[in-house]
Structures are given as C-alpha cells and as structure tokens.
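Undergrad: Next up is a structure, given as structure tokens.
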Amino acid sequence: MADVKDVPVPDIGDFDSVEVIEVLISPGDTIAAEDSLITLESDKASMEIPAPFGGTVKEVKTQVGDSVAEGDIICTVEPAAEASAPAEEPTTSAETEASTASATAPRAEPAPAAEPAAASEPTPPAQAQLPEEDAARPGLGPKPSPTAHIDSERQRKAHASPGVRRFARELGVDLLQVHGSGRKGRILYEDVKGFVKKSLEAPAAAGAGLGVAPMPEIDFSEFGEVETKPLTKINRLTGQNLHRNWVTIPHVTQFDKADITELESFRKQLNEEQKDKGVKVTLVSFLLKACVSALREFPRFNSSLDAAGENLIFKKYFHIGVAVDTPDGLVVPVIRDVDRKSLIELASELMEVSQAARDKKLSPKQMKGGCLSISSLGGVGGTAFTPIVNAPEVAILGVSRASMEPVYQDGEFVPRLILPLSLSYDHRVIDGADGARFTTFLGRLLSDTRRMLL
Ligand code: CAO
C-alpha cells in the first residue's frame, strides 16, 4: 500500500488568502491526476485546483468557506500504483474550457477516473468564453467578468465549473435551480442552456416572471411509493387559466349568508308540480335569476376591463357561466340571455349543459361570452370558499351547502335555512363596499323571491 500523501494548495499567484467555494471530492473517491479537487474564488478570479497525482482520497481537509493560501493542505491521497506525473499549476476557468474542448480527442494514457460529465460539456457560446489574455495569466486565473463579484452564496454552493458558473451568471440563472446531469450532479453547460430554454418555453410555470423561486423538482419516490398520471386536457387548460387569473387579478372574497327558507319550500312545491315534465328546478336556477337582478342593480359587475386596463366595457346582455364538475375536470358552460328565460327554462337548460359537459359534448362557443360565473358546491358540502374570478369577467359567485341555523327574529331564535355566499371579485374594478352591497342585495332577493320580479 502506498504512503498517504498530503496535497497542498499549489502556487496560486499573488494571492495569500483565497476562498474555497466548492469542494469536489469526498473521502473514498478515486481520482486521476488533474481531476479538480476544489474551486477557489477571489474577488478577481475563480480557479480549480487539480490533483497532482491519481489515487484514493483519504481525508478532505478543506471545506467550503475556508480561506486558503499556497501550502495549505487540501486533502490526503493514497497514490494509485502508477501515479501520474504531478500537475504543477491550478487550472483556470479558461484552461478548463480548453481541456474540455479537447477532451474528445484520444489521449495517450486515458485517466482512470476521467470525468465523463466534463467530456460531454459543450463549448459555451462565444460570449461566455474567456479572452485569450486571461488564459495566458498562469496562476492568476481569468480576468473577472464584470459580474463575477456579484456571485451569490447560492451560486457558490452549486456544483459546477467556474466556466459554467460564469455562463450562468451572465444569463442570470440561479444554479441551485438547475438539475446537474454530470457526475455527482455536476451542472454542465447544456444543463444551464436546457434550464433557460425550459423557462422561456413555459413562461406561465409556477414562479416564472414573478420574481419568486420556481418550484423545485422533487422526486417523491424518495418518500414512498408513487404513481404518475398525466393531467387531463381540461385540467391543463383550466389550470393555466386559473393560474393566470389568480396571479393577475387582485382578488377579494366577500362572504355573506342568505335566508332561503321560503325559496326552498317554493322550489320543492314547484318540483312537485313539475314532476311529470322531467325538469328539476335546483337552487342554481334561482341563483341565475337573482344574479341578473343584481347585475342590473350593479352594472360594474357586468363589465370587463379592456386589454390595456384603461377602460371598462359595460355589457347590456346577461350571459352567466355555471361551473360544472366533470370526471375530467372543471368546465364552465355559459347560459345565454338569462334575463329572457323563465325559471323552468333555466332549470332545463342547466340540466342539458351540465350533462353535455359531463359527456364532453360542449363546444368552445358554449363556454364563451359570460358576464359572471356561478360556482355551486352546495350539492357537495362546505361552508365557504374563495372561487377564482373567471377573467375577463370581474366577479364569481360561490355558494356552499345550505343548512338549518338558529336565527334571532322578533325576540326569539327560529330555525332558518341559511345559504352561505362567497363572492370573489376583481378589486381593480369593484370596491369593497360594492362587493358587500352586491351580496346583501342578493341575500335580500333570495330571502324573498318576489323581489326578483321587481
Ligand atoms: N345547499 C344544500 N343543498 C344543495 C345546494 C345547496 N347550496 N345546492 C344543491 N343542493 C342539493 C340539490 O338540491 C340536490 O339535492 P336533491 O337531489 O335532494 O334535490 C343535490 O344537492 C345535488 O344538486 P346538484 O349539485 O347536482 O345540482 P345543482 O343544480 O345545485 O348544481 C351543478 C348543478 C352543475 C352546478 C353541479 O352539479 C356542479 O357541478 N357543481 C360543482 C361546481 C364546482 O365544482 N365548482 C367548483 C369550482 S371552483 O370555483
């Protein structure tokens, strides 16, 4: 067994204290001569320190954040039987690129542990390459790029060569977000390029363009058994729209309650009378009617912002979307001219469109042109929720499950059927006071259906 040897920091030029920003080896690693051991970075340059000979790393004596000078011990290595000739000087970023470029050429004596990742690193684009004069400054490393000093702690922790880090800095890429496909997760040029390409292709991806960190890619199988299934087309399209609306519209949700005790007994009576006609009147038909009255009373709720966000377009028609839950996801067919249809007609149309939605028979036209949307979770449950505005509409009415509640009336508590309302609106268009007026108005109409005739 060969004697374990210390590997000191070689001559690194005029520097007497340079920060270790990357440690590329661990105890037990087999290394070849000239494999990079650590990366140093001063305020002027970054450089990789190569192994003077091949062997097995026994102990690593430096860590990220240490300041080192010539002669400080980086690690101890048990030399391989036929150790290569010592490498004398640290490899600068420029030299790393040069050796990368020639890595495809056959070597007289291939290094036993030559880094396959490095071999696959393509030459960076012209602007990321270093000027020749930098490569001609032995021991000093390349001249710093103007952005070198702004390298953040995050960038420093990433496992990548100085050239790749420089490339990433120039493009404004946070290396900690980049998946490294090289050996031990080392980040290559192509990983940085792939990351930029992916970011440009998916501007709506979580976090992109918002100045927040994108979602990390997580391998859930690390934590237990998983199964991957693709989203349905509806899921994907709805998801994109919901995401856009959620991040671009300042939402406020106004909660309220409506006493629908009388409405419910009227609805039951109506359904009893209609039972042979095959149409069931549900609460949503009443909500459609009530919403028309409220839209007439508060025309701003029946408007849309123009694309420039400078004008409000007021609509004189009353088309209302109804969110329908289908096995493939949420769709919102629009019932047109609600103001011109009777309660029974609306109930019948609602049955038709919700069935068509579940049978995937809705045409794109049937899902356009809404003024307001209704999302009813009453048949499912819950007490309140915060629906997302269906742009370019400016409001959406959510209703939850009605339940019997004690209501204080004329000096005593009486049981009443109470419907929870959750109205989300675009705060750029609608003030808080109007939001509350709208739900109060709706509540009054639903408590006393005669008012819908007014
Ligand atoms: N409170 C209590 N019970 C209610 C209720 C409420 N608010 N709303 C409906 N119900 C009852 C109905 O009366 C019906 O009961 P019966 O069969 O005893 O009469 C039962 O719940 C089922 O109703 P329904 O939900 O099928 O029918 P609907 O007309 O009320 O709703 C539709 C139709 C298409 C809106 C509904 O089927 C649906 O898909 N809802 C889900 C919408 C959704 O997913 N929204 C979330 C989007 S996120 O914004």
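The values are calculated or read from the model by the stated rules, or taken from the named source; none is laboratory data. Quantities reported herein were computed from a predicted structural model and do not represent experimental measurements. Backbone-built Cβ (ideal geometry, glycine too); neighbour counts: all protein chains shown. Calculation scope for accessible area: heavy atoms of the full protein, side chains included, ligands and nucleic acids excluded. Shrake-Rupley method; radii C 1.70, N 1.55, O 1.52, S 1.80 Å.
Residue-wise test of (1) assigned to a loop (DSSP other than H, G, I, E, B); (2) farther than 24 Å from Lys277 by Cβ; (3) away from the ligand (no atom under 16 Å from the Cβ); (4) in contact with a His (Cβ under 6 Å, 6 or more places away or on another chain).
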{"position": "Ser304", "(1), (2), (3), (4)": "no, yes, yes, no"}
{"position": "Tyr317", "(1), (2), (3), (4)": "yes, yes, yes, no"}
{"position": "Asp325", "(1), (2), (3), (4)": "no, yes, no, no"}
{"position": "Leu330", "(1), (2), (3), (4)": "no, yes, no, no"}
{"position": "Asp339", "(1), (2), (3), (4)": "no, no, yes, no"}
{"position": "Met351", "(1), (2), (3), (4)": "no, no, no, no"}
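Undergrad: Moving to a separate point now. What's the total number of residues in region 382-397 that are within 8 Å of the ligand (Cβ to nearest atom) and either in contact with a Lys or Arg (Cβ under 6 Å, 6 or more places away or on another chain) or open to solvent by less than 40 Å² (accessible area, probe 1.4 Å) (or both)?
TA: Taking region 382-397 as the starting set, the residues that turn out to be within 8 Å of the ligand (Cβ to nearest atom) are 385, 387-388, 396.
Now restrict to residues that are either in contact with a Lys or Arg (Cβ under 6 Å, 6 or more places away or on another chain) or open to solvent by less than 40 Å² (accessible area, probe 1.4 Å) (or both): 387, 396.
The qualifying residues number 2.
Undergrad: Another question about this same structure. Please find, within region 333-350, the residue that is surrounded by the fewest Cβ atoms within 10 Å (Cβ to Cβ) out of those that are touching a strand residue (DSSP E or B) at 6+ places or on another chain (Cβ under 7 Å) and not aliphatic (A, V, I, L, M). It would help to see each step written out before you state the result.
TA: So the first thing to find is which residues in region 333-350 are touching a strand residue (DSSP E or B) at 6+ places or on another chain (Cβ under 7 Å), and the list is 333-335, 338, 346, 349-350.
From what is left, the residues that are not aliphatic (A, V, I, L, M) are 333, 349.
On the way: Pro333: 22, Glu349: 19.
Only one residue tops the list, namely Glu349.
Undergrad: Kindly establish whether Leu446 is outside any loop (DSSP other than H, G, I, E, B), within 14 Å of the ligand (Cβ to nearest atom) and within 21 Å of Gly239 (Cα to Cα).
TA: Considered against the rule, which asks whether it is outside any loop (DSSP other than H, G, I, E, B), within 14 Å of the ligand (Cβ to nearest atom) and within 21 Å of Gly239 (Cα to Cα), Leu446 comes out as no.
Undergrad: Let me ask another. Return the only residue of Leu288, Leu346 being over 37 Å from the mean Cα position of the chain (by Cα) and at pLDDT 95 or above.
TA: Details: Leu288 fails: over 37 Å from the mean Cα position of the chain (by Cα).
None of the other options fit; the residue is Leu346.
Undergrad: What number of residues within region 177-189 are out of contact with any Asp or Glu (no Cβ under 7 Å at 6 or more places or on another chain) and crowded, with 16+ Cβ neighbours inside 10 Å?
TA: Summing the residues that are out of contact with any Asp or Glu (no Cβ under 7 Å at 6 or more places or on another chain) and crowded, with 16+ Cβ neighbours inside 10 Å in region 177-189 gives 4.
Undergrad: Step by step: first the residues of region 356-381, then only those that are open to solvent by less than 70 Å² (accessible area, probe 1.4 Å) and without any contact (Cβ under 8 Å) to a residue 24 or more places away in the chain, then the one that is farthest from the ligand (Cβ to nearest atom). Which residue is that?
TA: The selected residue is Ser363.
Undergrad: Test of understanding: among Ile21, Ile25, which residue is open to solvent by less than 60 Å² (accessible area, probe 1.4 Å), in a loop (DSSP other than H, G, I, E, B) and within 20 Å of Arg183 (Cβ to Cβ)?
TA: Going through Ile21, Ile25 in turn, the sole match is Ile25.
Undergrad: Can you tell me which residue in region 398-443 is farthest from the ligand (Cβ to nearest atom), limited to those that are polar (S, T, N, Q) and surrounded by fewer than 16 Cβ atoms within 10 Å (Cβ to Cβ)?
TA: Within region 398-443, the subset polar (S, T, N, Q) is 400, 403, 409, 422, 424, 439-440.
Now restrict to residues that are surrounded by fewer than 16 Cβ atoms within 10 Å (Cβ to Cβ): 403, 409, 440.
Working: Ser403: 7, Gln409: 21, Thr440: 18 Å.
It comes out as Gln409.
Undergrad: Can you tell me which residue is least open to solvent (accessible area, probe 1.4 Å) among those in region 271-289 that are among the β-branched types (Val, Ile, Thr) and near the ligand (Cβ under 9 Å from one of its atoms)?
TA: The extreme case among them is Val281.
Undergrad: Just checking, does region 237-249 include any residue being of a type in the set (A, V, I, L, M, F, W, C) and more than 15 Å from the ligand (Cβ to nearest atom)?
TA: Looking through region 237-249, at least one residue is of a type in the set (A, V, I, L, M, F, W, C) and more than 15 Å from the ligand (Cβ to nearest atom).
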